[in-house]
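Values in this text are rule-based calculations from the coordinates and carry no lab data. No experiment lies behind these values; they were computed from the predicted model shown. Please note: Cβ atoms are built from the backbone with ideal geometry, for glycine as well, and neighbour counts cover all protein chains shown.
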Amino acid sequence: MVTLTVNGMTRSFDGDPDMPLLWYVRDDLRLTGTRFGCGAGLCGACTVHVNGQPVRACQTKMSTLDGKTVLTIDGLATNGTLHAVQRAWVTHNVPQCGYCQSGQIMSAVALLKATPAPTDADIDRAMAGNICRCGTYQRIRAAIHTAAKERA
């Protein structure tokens with residue numbers, strides 16, 4: 001039995017210990033904001049936070065999550081108020097197709113937590129594991145700078 005907290009709610013899981021977190025949040029909890037991309041942890045579409053750190057949900061086994069806290073894009077807003085990064089994404093009209101954006105946002109939130117005033121190089125380094133097929137990287141960078149200023 002795995003007991004974990006997902007988006008502030010305590011949950012129990014007694015299924016296949018090798019099941020990826022991605023399928024648990026999407027299929028069992030019906031939290032569909034986290035996306036399946038490559039299934040190999042390379043594209044970043046499935047990025048969530050485990051104990052505050054960004055991880056690839058497609059590669060994180062349920063057996064590793066006992067006692068841990070998971071935050072998905074579905075739980076990022078607080079009391080109906082978007083997170084600063086989400087607001088900046090809207091301001092800069094970042095998404096084109098939008099498929100990768102939940103993972104992009106979760107990586108950006110982790111970056112700003114670790115580095116409140118990132119440089120372009122910090123952003124590029126932190127976001128390098130998130131692929132955007134539409135190529136909105138310049139808008140992503142601008143949105144991260146805007147969110148950093150708002151949070152300052």
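Of note:
- With the charge dipole of the chain set up from +1 on Lys and Arg Cβ and -1 on Asp and Glu Cβ about the Cα centre, the Cα lying farthest toward the positive end among the listed residues 111, 129, 140 is that of 140.
- The overall shape of region 65-105 is oblate: from the C-alpha gyration tensor, with semi-axes ordered a ≥ b ≥ c, the ratio a/c is 1.5 or greater and a/b is no larger than b/c.
- For residue 33, the residues whose amide H sits under 5 Å from its own are 74, ignoring neighbours fewer than 5 places away on the same chain, with H placed 1.01 Å from N.
- Each Lys and Arg Cβ is given +1 and each Asp and Glu Cβ -1; about its Cα centre, region 84-151 then shows a dipole of about 120 debye.
- Within a Gaussian network of the chain (alpha carbon springs, distance under 10 Å), most fluctuating of 70, 90, 48: 90
- Taking the Kirkwood radius as Rh and the Cα radius of gyration as Rg, region 24-117 has a ratio of Rg/Rh equal to 0.95.
- ³J(HN,Hα), Karplus 6.51/-1.76/1.60, whole Hz, each residue of region 113-128, x for Gly, Pro: 5, 7, 9, x, 10, x, 7, 4, 5, 4, 5, 4, 5, 5, 9, 4
- Alpha carbon centroid spacing (whole Å) that separates region 6-55 from region 62-119: 14 Å
- Positive end of the dipole of the chain (Cβ unit charges, origin at the Cα centre): among 17, 60, 7, the Cα lying farthest that way belongs to 7.
- Volume in Å³ per residue [convex hull over Cα atoms, computed for region 2-75]: 73 Å³
- Check: region 1-58 dipole with +1 on Lys, Arg Cβ and -1 on Asp, Glu Cβ, in debye: 280 debye
- Choice from 12, 102, 63 showing the highest fluctuation, given a GNM over the chain with Cα pairs closer than 10 Å: 12
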